[in-house]
Amino acid sequence: MASRRELPADVAAALDRVPEARDRFAALPAQRQDEWLSWVDRGRGRRGRRDRIDELIRRLLPAATEEEVAEPPPPPPPERWWLWLLLLLALVLAGLLIWWLLSRGDDKSTVPNVIGLRSAVAAQQIRDKDLDVSTLSGQSKRPPDVVFAQRPGAGTQLGHGQTVIISVSSGRLEVPNVTSLPVKKAQKDLADAGFQSQVKRAASSREKGVVIEQAPVAGVTATPGTVVKLTVSSGVKPVVVPQVVGQTQGSAVNALTGAGLKPVLHNVPSARPAGTVVAQKPPAGKEADKGSKVTLNVSTGTGPSTTTTVSTTTTTTTSTGTTTAAGKVRVPRVRTLSEAPGLRRLNIAGLFATVTFQRSDQPVGRVLSQSPRAGSLLPRNSRVTLIVSSGPNPQPPAGVPDVVGQEQATAAETLRGAGFRVLVLNRPTTNQSQDGTVIEEQPVAGTNVPGGSLVAIWVGRFSG
């Protein structure tokens, strides 16, 4: 049997004020009293507790009837917390419904998938969705002017007027560095990067099968499918070409054959004694494969005399420049000419050029200015600075590769592979090692100039 709880002071005081309620409460079983007291205890705050005590008194008083019937009061009223929970759930659902209705308004568009499309078509499809478009150019294996990436991705919901960024292929890729790699690995890396390869074996002290040189060089940008020429070590140590200029034909032949090289003889007119070697190619000191050919120019002894008389008052005039007795030349006028004719005119005058590009409304390649100005006197081999127009909308910049010291054909191929046009200018030289090689290039290596620009190379021609 449950024991009766001691009445709280406030409950006892309320019951004392209403004896009938007190007597009826005292007549209740202990379990029913405990239920009522627990219900009163759950009242929130003083006022809530007071209201529940009043409700307890009201329930304990008998109803007004003609005949009083002693009946026990009903149990305390049930809790109503679940009604509040239902109300809160209804409010949450209403909020979600309102958000969904607002988010599916007519002011949003779905980003279309434009990867693989031409830039103009892609941009139009995006604008048709009431979205703006921003274009970026980048390197990709895709053909030129084709979209290879977009941000945000297809299917994204954007508000009208928001921007979709598309990346458009420039059609050019960066040549990877494959030197010092085994040839099979080098060819695979080039194929993965979108290039073809061509292998040439060469004598080298490096390990057999290792790439010792590549053209175009690493870092140059080129169109997909460009052939990269690989020079691969044959594992055979190269031969150093001996110096035979000035020797007799017989001595030169013996020196070359003794080094494992094959001499090829050409008779040329010269004032040197007959049978004397006056030039050789490759020059002395260069490395060559064992068994390769070395061309010798042998004097016939019938050339003109090299003795000349110089008068201090004599001047020699050409169509493009003037050479004075003091060894100075007059700077020709090249401003307003196209770049290539201007460079040729300076080269004929015995001058080099320093080329810089500048955006202008003039045609691409037009010489905008020169310094020093036309008619100035300069020592031979001096430099004339040319500012050349890159047009109003120049192509994206590209770095000029270093080709100084390379053979003419290799240098020209490297530059073309990098996306440049090439102008070859011959320059007399008394240094036999410079014969047929690039001794100067403009713009200089490493300069960033508009893609497709003209790069001039000065190639040495040995004059004996």
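The values are calculated or read from the model by the stated rules, or taken from the named source; none is laboratory data. As the structure is a computational prediction, the values presented were derived from the model and not from experiment. Quick reminder, even Gly has a Cβ in these numbers, built from the backbone with ideal geometry, and neighbours come from all protein chains shown. Note: areas computed on protein heavy atoms with side chains; ligands, DNA, RNA excluded. Shrake-Rupley method; radii C 1.70, N 1.55, O 1.52, S 1.80 Å.
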Counting pairs of alpha carbon atoms under 8 Å apart in space and at least six apart in sequence, what relative contact order in percent does the range 149-271 give?
22
How big is the Rg/Rh ratio for the range 343-464, C-alpha atoms only, Rh by Kirkwood, two decimals?
0.98
Charge tally for neighbours of Val239 with beta carbon under 9 Å away, counting Lys, Arg as +1 and Asp, Glu as -1, is 0
Highest-first arrangement of 174-183, 200-209, 342-351, where packing means the average Cβ count within 10 Å:
342-351, 174-183, 200-209
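What is the local net charge at Ser369, summed over the other residues whose Cβ is closer than 13 Å to its Cβ (Lys, Arg +1; Asp, Glu -1)?
Values: positive: Arg333, Arg335, Arg366, Arg373; negative: Glu339.
Around Ser369, the surrounding residues sum to +3.
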What aspartates and glutamates could a cross-link reach from Lys141, if we take a straight Cα to Cα line under 13 Å and drop same-chain neighbours fewer than 8 places away?
Glu174, Asp192
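How charged is the neighbourhood of Pro176? Take every other residue with its Cβ under 9 Å from the Cβ of Pro176, and add Lys/Arg as +1 and Asp/Glu as -1. Spell out each step's value before the answer.
Values: positive: none; negative: Glu174, Asp189, Asp192.
With Lys, Arg at +1 and Asp, Glu at -1, the neighbours total -3.
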For the range 329-340, what does the Karplus curve 6.51 cos²θ - 1.76 cosθ + 1.60, with θ = phi - 60°, yield as ³J(HN,Hα) per residue in whole Hz, taken in order and with x for Gly and Pro?
10, 8, 5, x, 7, 10, 4, 6, 7, 5, 4, 4
C-alpha center-to-center spacing [the range 329-353, the range 107-153] in angstrom:
46
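Per residue, how much accessible area does the chain have with a 1.4 Å probe, in Å²?
Working: 26540 Å² over 464 residues.
The answer is 57 Å² per residue.
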Given the DSSP H assignment, sum -39500 (n - 2.57) over each helix run of at least 4 residues in the chain and divide by its residue total; what's the result at 222 nm in deg cm²/dmol, nearest 500?
-8000 deg cm²/dmol
Normalise the Cα radius of gyration of the chain by 2.2 N^0.38 Å (N = residues in it) and let me know the number.
2.14
Taking a cut-off of 15 Å between Cα atoms, list the aspartates and glutamates near Lys108, but don't count ones fewer than 8 places away on the same chain.
Asp128, Asp130, Asp132
To make sure I understand the rule: partners must be lysines, Cα under 19 Å from the Cα of Lys229, and not fewer than 8 residues away in the same chain. Which ones qualify?
Lys184, Lys185, Lys188, Lys200, Lys208
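Looking at the range 132-274, I'd like the Rg to Rh ratio, where Rg is from alpha-carbon atoms and Rh is Kirkwood's inverse mean 1/r. Don't jump to the answer; show the numbers that get you there.
Working: Rg = 26.2 Å, Rh = 19.8 Å.
Value, to two decimals: 1.32.
Keeping every protein chain in place, order Glu55, Glu287, Glu441 by accessible area at 1.4 Å, biggest value first, i.e. largest first. Please report the intermediate quantities before stating the final value.
Numbers: Glu55 45, Glu287 135, Glu441 5 Å².
The ordering from most to least exposed comes out as Glu287, Glu55, Glu441.
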Sorted by accessible area (1.4 Å probe), largest first, how do Val133, Val111 line up?
Val133, Val111
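Which percent of the accessible area of the chain is formed by carbon and sulfur heavy atoms (probe 1.4 angstrom)?
53
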